[in-house]
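Let me begin by presenting the structure, written as structure tokens, before commenting on it.
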Amino acid sequence: MIFLAKKSSTTIIAIFILFATIVCSGVSACYVSFLIRQLHNEIKQEMDNKNKHQLIWSNLILEYNSLTSIERVQRIATTKLNMIHPSFNNCQFLE
């Protein structure tokens with residue numbers, strides 16, 4: 001009789017530990033799923049930021065190229081600074 005009582009109490013304890021383990025496993029699975037969703041949203045936001053910054057960068061490159069074109073520099077030099085191409089007679093050669 002004492003042997004049966006010990007066996008049933010250890011069985012109850014083992015079942016309780018098994019149940020607690022299953023509950024903890026379920027809770028941890030839910031928590032990990034939440035963390036994965038949160039990290040996925042963060043990655044999506046960073047990718048959107050990257051795309052936005054790439055668009056801004058490409059626009060800046062286009063603007064830079066248009067501002068530094070040879071034609072524009074020559075036009076500004078001749079119209080605003082009154083610069084001209086020197087002729088051969090206006091050049092001085094140093095020896």
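The values are calculated or read from the model by the stated rules, or taken from the named source; none is laboratory data. Everything numeric here is computed off the predicted structure, so don't read it as measured data. Note that we place each Cβ from the backbone using ideal geometry, even for glycine, and neighbour counts take in every protein chain shown.
The table for this structure:
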{"quantity": "Filter pass, E95 being among the charged types (D, E, K, R) and at pLDDT below 90", "calculated": "yes"}
{"quantity": "Criterion (at pLDDT 90 or above and not in a helix (DSSP H, G or I)) met by exactly one of L60, L81", "calculated": "L81"}
{"quantity": "Identity of the residue in the range 59-95, surrounded by fewer than 10 Cβ atoms within 10 Å (Cβ to Cβ) and charged (D, E, K, R), that ends up nearest to the chain's Cα centre (by Cα)", "calculated": "E71"}
